[in-house]
Amino acid sequence: MAKVDQLYLRLLSGIVEQGYWYEDKSREVRCKQLTSLTIDFDIEHEFPLLTTKKLHTKSIVGELIWFLRGLDNLEYLHENNIRIWDKDAANFDKKSGMDVGRNYGVQWRDWSNIQSTKIGYIPSNIDQIKNLIEGLIENPMSRRHIVTAWNPAELDQTALPPCHWSFEVLPRPTFDFEKELNPGLEYVFSLKWHQRSVDTFLGLPYNIASYAILSKIIQELTGYKSLGLIGDLSNVHLYEPHIEKAQVQMKLNPNKYGSPTFKFSENALNLFNLYKDKSVTLDHVFNTLEIEDFIFENYESYPIIKAEMYEPTNNNTDIISD
């Protein structure tokens with residue numbers, strides 16, 4: 001039984017039955033929308049990958065690696081035959097169609113900063129992911145384990161203002177029973193991401209799985225255990241042409257397939273251990289990890305459900321819902 005499917009189908013039903021209509025003028029399409037809600041998952045015991053429609057795990061993993069490498073060019077994605085950013089890049093970069101500008105990964109790894117010093121203002125850059133991991137290790141109970149991609153000064157320098165615009169890691173000390181089960185485990189944590197706009201049919205399943213994988217990466221880099229995943233969602237919508245697709249999915253049995261098992265390859269685990277031993281840098285870890293290092297065992301699902309992706313350019317294309 002995949003609990004993520006039960007929650008997701010309830011969410012689809014909630015939008016269809018209780019959402020309000022409005023016109024998305026930038027896309028020339030109507031939407032049904034809920035203003036805000038929170039979803040949460042126990043990712044210690046179940047990996048939240050939908051089974052009521054097939055998801056393309058290679059694209060989910062590849063995009064996350066691309067973010068963590070801090071890249072702004074599509075070359076890595078194209079090398080792995082991942083095309084989910086092609087339309088946005090083409091709209092943003094009229095010359096080559098390969099650049100997405102100051103997007104998620106750039107803000108995560110290379111946030112622009114101006115430092116005030118005695119000799120004047122000096123430009124510098126902030127690696128938020130590096131600071132996050134080091135902060136978790138050095139001061140686990142800090143309330144500042146936050147990464148943001150929402151940079152107001154650079155929103156016009158990116159192909160797409162970030163929808164999932166920030167995330168935070170929320171640790172707590174282990175309880176006695178947890179220490180008995182996991183000797184040496186000092187802290188556990190939940191990851192909470194914040195999203196200002198949610199394309200529920202096409203985008204949300206990707207977002208859930210991506211942040212679950214990121215949680216597992218943080219677990220391996222820090223030695224803490226990842227327990228929960230929380231989504232703080234705003235403007236949760238279905239485009240009108242997606243409603244018929246959603247109703248097809250809502251009729252499927254969410255309990256037909258069990259949840260897949262997620263694990264890292266031996267190569268990935270070795271990289272994480274080398275980082276914890278301070279033998280390699282975080283850049284080395286992310287630049288060495290490959291899609292094949294992320295393994296989903298026993299992933300079975302219903303087939304893909306095709307749907308159209310709507311963009312502000314009104315230049316749409318049919319893509320599969322993976």
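In the stretch 217-227, is there at least one residue being of a type outside the set (Phe, Trp, Tyr), under 16 Å from Ile39 (Cα atoms) and assigned to a strand (DSSP E or B)?
Of the stretch 217-227, the ones of a type outside the set (Phe, Trp, Tyr) are 217-223, 225-227.
When the remaining residues are screened for being under 16 Å from Ile39 (Cα atoms), the result is 227.
So of that shortlist, the ones also assigned to a strand (DSSP E or B) come out as 227.
Checked against the condition, which is being of a type outside the set (Phe, Trp, Tyr), under 16 Å from Ile39 (Cα atoms) and assigned to a strand (DSSP E or B), the stretch 217-227 yields at least one hit.
Got a number for residues in the stretch 235-257 being open to solvent by 40 Å² or more (accessible area, probe 1.4 Å) and assigned to a strand (DSSP E or B)?
Qualifying residue count, the stretch 235-257: 1.
State whether the residues of the stretch 49-62 include one that is in contact (Cβ under 8 Å) with a residue 24 or more places away in the chain, in contact with a Gly (Cβ under 9 Å, 6 or more places away or on another chain) and open to solvent by less than 10 Å² (accessible area, probe 1.4 Å).
Yes: the stretch 49-62 contains one or more residues that are in contact (Cβ under 8 Å) with a residue 24 or more places away in the chain, in contact with a Gly (Cβ under 9 Å, 6 or more places away or on another chain) and open to solvent by less than 10 Å² (accessible area, probe 1.4 Å).
Taking the stated definitions as given, is Gly120 out of contact with any helix residue (DSSP H, G or I) (no Cβ under 8 Å at 6 or more places or on another chain) and modelled with pLDDT of 95 or more?
Considered against the rule, which asks whether it is out of contact with any helix residue (DSSP H, G or I) (no Cβ under 8 Å at 6 or more places or on another chain) and modelled with pLDDT of 95 or more, Gly120 comes out as no.
Residues Gln219, Gln195: which one is without any contact (Cβ under 8 Å) to a residue 40 or more places away in the chain and touching a Cys at 6+ places or on another chain (Cβ under 9 Å)?
Gln195
Please count how many residues of the stretch 14-33 are among the polar types (S, T, N, Q) and loosely packed, with under 11 Cβ neighbours inside 10 Å.
Residues meeting the conditions: 1.
Here is a list: Glu23, Glu28, Glu79. Which entry is of a type outside the set (A, V, I, L, M, F, W, C) and at pLDDT 95 or above?
The match here is Glu79.
Would you mind finding the one in Val16, Val106, Val61 that is of a type in the set (A, V, I, L, M), farther than 26 Å from Lys306 by Cβ and in a helix (DSSP H, G or I)?
Values: Val16 fails: farther than 26 Å from Lys306 by Cβ; Val61 fails: farther than 26 Å from Lys306 by Cβ.
Result of the check over Val16, Val106, Val61: Val106.
Go through (1) farther than 24 Å from Leu170 by Cβ; (2) open to solvent by 50 Å² or more (accessible area, probe 1.4 Å); (3) not charged (D, E, K, R) one by one and return the number of the condition Ser36 breaks.
The failed condition is (1).
Within the stretch 68-77, work out how many residues are open to solvent by 50 Å² or more (accessible area, probe 1.4 Å) and in a helix (DSSP H, G or I). Walk me through it before giving the result.
Looking only at the stretch 68-77, we keep the residues that are open to solvent by 50 Å² or more (accessible area, probe 1.4 Å), and these are 71-73, 75.
Now restrict to residues that are in a helix (DSSP H, G or I): 75.
The number of residues fulfilling the criteria is 1.
Checking the structure you have, find out if any residue of the stretch 83-103 is surrounded by fewer than 20 Cβ atoms within 10 Å (Cβ to Cβ), at positive phi and either touching a residue at least 24 places away in the same chain (Cβ under 8 Å) or not in a loop (DSSP other than H, G, I, E, B) (or both).
Yes, the stretch 83-103 has at least one match.
List the pairs whose first member sits in the stretch 135-157 and is on the phi < 0 side of the Ramachandran plot and in contact (Cβ under 8 Å) with a residue 12 or more places away in the chain, whose second member is of a type in the set (D, E, K, R) and not in a helix (DSSP H, G or I), and whose Cβ atoms are under 7 Å apart, counting only residues at least 6 apart or on separate chains?
Cβ pairs passing all conditions: His145/Glu168; Ile146/Glu168; Asn151/Arg102; Glu154/Arg102; Gln157/Arg102.
Scan (1) on the phi > 0 side of the Ramachandran plot; (2) loosely packed, with under 14 Cβ neighbours inside 10 Å; (3) within 20 Å of the chain's Cα centre (by Cα) for the single condition Asp42 breaks and write down its number.
Of everything listed in (1) on the phi > 0 side of the Ramachandran plot; (2) loosely packed, with under 14 Cβ neighbours inside 10 Å; (3) within 20 Å of the chain's Cα centre (by Cα), Asp42 misses just condition (1).
The values are calculated or read from the model by the stated rules, or taken from the named source; none is laboratory data. On a predicted model such as this, the values are computed, not experimentally measured, just so you know. Quick reminder, even Gly has a Cβ in these numbers, built from the backbone with ideal geometry, and neighbours come from all protein chains shown. Protein only, heavy atoms only, side chains kept; ligands, DNA and RNA dropped before computing areas. Shrake-Rupley method; radii C 1.70, N 1.55, O 1.52, S 1.80 Å.
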